[in-house]
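Read through the structure below, which is laid out as structure tokens, and then see the notes.
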Amino acid sequence: MGSKTKGNKKAPAKAKAKKKISKPAQKQKTKAMTKRKTNKGDGLGSKDARSKNAKFFSSFLPSGGFSLGLGSLSRSKVKKSVLDYEEYHKFENGKSVNSSKAKSKYADMVNKYYDLATSFYEYAWGDCFHFAHRLKGETLRESIKRHEHFLASKFTAGMKPKKGQRPKVLDVGCGIGGPAREISAFCGVDVVGLNNNAYQVQRAKDITAAKREAAKDAVDAAGPSVLGSCDFVRGDFMKMPFEDNTFDAAYAIEATCHAPVAEEIYKEMLRVVKPGGHVAIYEWCLTDKYDPKDESHKLFKHQIEIGNGLPDIRTTRECKQAMQKAGFQVVEDIDLADCSPVPWYEPLYPTQGYFSSLEALSSIKSSPVGAKVTHGLCWVLESLRLAPKGTCRVSSVLQQGAIGLIAGGKLDAFTPMYCLVGRKPSK
């Protein structure tokens, strides 16, 4: 018997065969689906949205773009880099157990530090990463400029460039070029900044170009002897990429403290400066009040070292002796912290309180309170994957440095402004 159908309706026809899709079209469809799947994220919003949010949040935090990474480090390398960096400064039983490694691999250690820390520094300090001798009623920015001018007065004295030429000066460990730009304009000299960190060298070049373009009319109108120039070179300051007797003078602002051996860095500065030329340095040093047997002193020393990328902190006496051994005639040495009316650590710890003045309030970003706020925001961003893994660890490392600096400053056992001036013998 034939099969019956209800209500004499015909049985449904077979489903139509699926329309064939060409290979190129199928490939494009698969690619689109993959993109949608990739963009979906993991419950935290699409990757595009997260990237936009990262840019928004980063406007309140260190420059450089947390969504991209830190310094020249990609997002994926930040955590490993900070862990490797911390290993250099391992501290057990009241002493640094890897200090010899930090000295022998100083270039890697310091490079890692500035890759990780530069964006934070720029956020809190602008383009000049250094402390300053400060007068009462003087703003931090004013004191920083005066501090730079004071040092410049020490090495520009007696410079005798050839007629029609500007003096050529070396900035050892130039950071992102703030002091170099100021000194070149203030003194009318050509400054060459030396730095071993690729990210900072590029930042120095970019900022300098932007500032020159912004003030193009003024720059073009200035006479060649009035406004100096800046250039930035990547290189190891223990093996400077310059010929002997290249510069009329040289200076370093809180930079040679990164060198593993003071005498060796001073010898390099001596080599590249012309006979009779001066070298002026602001050194980070332990003072005579430092007690190597006091556990609290050893702790703040370690905190300063790990928080600031230093292999070891030397004493003022050791630095002066090193300059003499290097071959310089020591012209002057003075600890400017001893005669600073306002404590040098005021930007980190307003001694009269945060609300004592507008200037004190403006220092909140670089203070412990500001550091905690920044750390909290870093934690939020890292938790939301808007900042790379390891960002909070970087923030913690920098906080340790600030705590150590404040402790050392209050005890008068540490100074960031031991001023050393040396002259290279004429013969």
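The values are calculated or read from the model by the stated rules, or taken from the named source; none is laboratory data. All values reported here derive from a predicted model rather than from experimental measurement. Because the Cβ atoms are built from the backbone with ideal geometry, glycine has one as well, and the counts that use them run over all protein chains shown. Ligands, DNA and RNA are stripped out before the accessible areas are found, and what is left, the full protein with its side chains, is counted by its heavy atoms. Shrake-Rupley method; radii C 1.70, N 1.55, O 1.52, S 1.80 Å.
Worth a mention:
- Put simply, the amide H of residue 315, placed in the peptide plane, has neighbours under 5 Å in 286, leaving out anything fewer than 5 places away on its chain.
- Subset of 101/160; 239/320; 267/389; 95/325; 103/289; 216/320 violating a 32 Å alpha-carbon distance limit: 101/160; 267/389; 216/320
- The mean accessible area for residues of the range 82-211, using a 1.4 Å probe and ignoring ligands and nucleic acids, is 41 Å² per residue.
- Pairs of Cα atoms nearer than 8 Å and 6+ residues apart set the relative contact order; for the range 152-225 it is 29 percent.
- Cα-based Rg / Dmax (Å) for the range 175-328: 17.8, 59
- If a spin label sat at a point 7 angstrom from the Cα of residue 233 along the line to its beta carbon, the backbone N atoms of the range 167-185 nearer than 14 Å would be those of 168-174.
- Between the range 365-427 and the range 167-242, the alpha-carbon center distance in angstrom: 24
- Radius of gyration, Dmax [the range 171-246; alpha carbons; angstrom]: 12.8, 39
- Shown here for the range 140-193: trypsin sites (Lys or Arg not before Pro) in loop regions (DSSP other than H, G, I, E, B) with at most 10 other Cβ atoms within 10 Å, namely 162, 163.
- Accessible surface of the range 96-222 [probe 1.4 Å, protein heavy atoms]: carbon and sulfur percent: 53
- For the range 98-234, a Kirkwood hydrodynamic radius built from all Cα pairs, placed in the Stokes-Einstein relation at 20 °C and 1.002 mPa s, yields a translational diffusion coefficient of 131 µm²/s.
- A simple spin-label model places pseudo-atoms 7 Å from Cα toward Cβ; at residue 146 and residue 97 they are separated by 4.7 nm.
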